[in-house]
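Taking it in order: structure first as structure tokens, then the write-up.
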Amino acid sequence: MNIVESQTKNIIKLATKLISIESTKDKPEKLAEALSVAKGLLSSYSYIKYEKNGIKSLLFYNSKSLPNKFKIILNAHLDVVPAKSNQFLPKIVGNRLVGRGACDMKASAAVMIYLFLDISNKVNYPLGLQLVTDEETGGYNGAKYQLEQGIRADFVITGEPTDLEIVIKSKGTFSLFIKASGTNAHSATPWEGRNALSSLVDYIQILQKKFPTPIQEAWKTTCSLMWITTTNKTGNVIPDQAEAKMDIRYIPKSFSANEKEIIDFFSKLTTKEIALSLGEGIKLPQDVDPNNQFVQQLKRIAEKVVKTDVLLSSRHYATDIMHFYRYNINGVCFGPKGKGLHSDYEYVEITSLYQQYEILKQFLLENN
């Protein structure tokens, strides 16, 4: 058994332990437990503990004092979306490690933890390991908060599952909240009122025409309706209030990072009495130059390890890497093979974990 395969046993053991922890957003004590497991393995390393709005995260580094700027940061999240109780009982089925978070992304987090343990004292540059617990809910109190506190890097790699492809483009995202107002009236005489719900639906139809839902996968901006609500619960009263939420996933260069400019864009699409606001924040799209030296280096090493072409690809989802873009920090998503993210049957391919480990190990060592 070679060193990498031996280390994979440790990775699987750690991943299994992490998967068994129900670290969802509604269980802060379990989020803290997952961090505690990681901290126990990394106790001999310097680290900073961060907390915002009750959300905790850690940043480990391979020097005595926090560097002004890291060369490379490895980013991983230990939180997962809710699941059935049996999904927190991990199991191995052939080449698959099965359970909530196996693919997204506790097994990959285990890879990065052991990689840091193995490599951090062998490289002569500032290397960071960022462990957060709120990626699934936006990352505003984890990765984003650490960046707000001054953390910087030349390059970041997040271990989101990518089937060992190197993801250089991802869609940006924001939530658009729409409020419509009107005037109550009896539904028998609707002309005496102004129906807020009708105004809201009219505007949603404008948005859906502007950003039609593709009938198959397409690299286009999408605008998906999440919910509609009204305070009116009476069957014969014209509603004077209605609200909706749209989830916007946009390709690079579709929108600026300026909230006012985005609101102005959507406001100009209607003349109705509509009030618009954005959600917690704007996640910028990932858009790395394919000729970036770190990207090309990672691609070359990955192809040597897997002995086949490695794609530079795009994804529709948003990750913590978008927060780094606000600070002009380039980065990629690079993780193992697997399927079933957020589904009842989630798994990661075990062999891809030691491939991921070996690729990243060579990448980090080569940057000496």
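Quick look at the numbers
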quantity: Residue among 205, 216 that is out of contact with any helix residue (DSSP H, G or I) (no Cβ under 7 Å at 6 or more places or on another chain), of a type in the set (S, T, N, Q) and within 30 Å of residue 334 (Cβ to Cβ); calculated: 216
quantity: Residue match in the range 211-226 (condition: of a type in the set (Lys, Arg), in contact (Cβ under 8 Å) with a residue 60 or more places away in the chain and closer than 26 Å to residue 317 by Cα); calculated: no
quantity: Restricting the range 207-224 to residues that are loosely packed, with under 15 Cβ neighbours inside 10 Å and among the hydrophobic types (A, V, I, L, M, F, W, C), the residue that is nearest to residue 262 (Cα to Cα); calculated: 219
quantity: Hey, residue 163 in contact (Cβ under 8 Å) with a residue 60 or more places away in the chain and either of a type in the set (Asp, Glu) or not in a helix (DSSP H, G or I) (or both) or not; calculated: yes
quantity: Top-ranked residue in the range 167-192 [being touching a Pro at 6+ places or on another chain (Cβ under 9 Å) and farther than 15 Å from residue 275 by Cα; ranked as surrounded by the fewest Cβ atoms within 10 Å (Cβ to Cβ)]; calculated: 184
quantity: So residue 115, is it open to solvent by less than 70 Å² (accessible area, probe 1.4 Å), in contact with a Phe, Trp or Tyr (Cβ under 7 Å, 6 or more places away or on another chain) and outside any helix (DSSP H, G or I); calculated: no
quantity: Pairs, first assigned to a loop (DSSP other than H, G, I, E, B) in the range 91-102, second of a type in the set (Gly, Ala, Ser) and open to solvent by 10 Å² or more (accessible area, probe 1.4 Å), C-beta under 9 Å, six or more apart; calculated: 99/20; 99/83; 100/83; 101/83
quantity: Criterion: surrounded by fewer than 21 Cβ atoms within 10 Å (Cβ to Cβ), closer than 17 Å to residue 353 by Cβ and in contact with a Lys or Arg (Cβ under 9 Å, 6 or more places away or on another chain) - qualifying residue of 93, 81, 98; calculated: 98
quantity: Set 292, 328: member being open to solvent by 40 Å² or more (accessible area, probe 1.4 Å), of a type outside the set (Val, Ile, Thr) and out of contact with any Lys or Arg (no Cβ under 6 Å at 6 or more places or on another chain); calculated: 328
quantity: Members of the range 230-250 that are in contact with a strand residue (DSSP E or B) (Cβ under 8 Å, 6 or more places away or on another chain) and either more than 18 Å from residue 278 (Cβ to Cβ) or acidic (Asp, Glu) (or both); calculated: 230, 231, 232, 236, 237, 238, 240, 241, 242, 243, 247
quantity: Output for the range 36-58, where each listed residue is open to solvent by 60 Å² or more (accessible area, probe 1.4 Å) and either farther than 22 Å from residue 122 by Cβ or at pLDDT 95 or above (or both); calculated: 36, 39, 41, 47, 49, 51, 52, 53, 56
quantity: Number of the condition not met by residue 277 [criteria: (1) of a type outside the set (Asp, Glu); (2) buried (at least 23 other Cβ atoms within 10 Å of the Cβ); (3) more than 29 Å from residue 98 (Cβ to Cβ)]; calculated: (2)
quantity: The range 339-365, subset farther than 21 Å from residue 130 by Cβ and open to solvent by less than 10 Å² (accessible area, probe 1.4 Å), residue nearest to the chain's Cα centre (by Cα); calculated: 346
quantity: Residue match in the range 143-160 (condition: more than 30 Å from residue 355 (Cβ to Cβ), in a strand (DSSP E or B) and either modelled with pLDDT under 95 or open to solvent by less than 10 Å² (accessible area, probe 1.4 Å) (or both)); calculated: no
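The values are calculated or read from the model by the stated rules, or taken from the named source; none is laboratory data. Everything numeric here is computed off the predicted structure, so don't read it as measured data. Here Cβ is always computed from backbone atoms with ideal geometry, including for glycine, and neighbour counts include all displayed protein chains. With ligands, DNA and RNA removed, areas are computed over all heavy atoms of the protein, side chains included. Shrake-Rupley method; radii C 1.70, N 1.55, O 1.52, S 1.80 Å.
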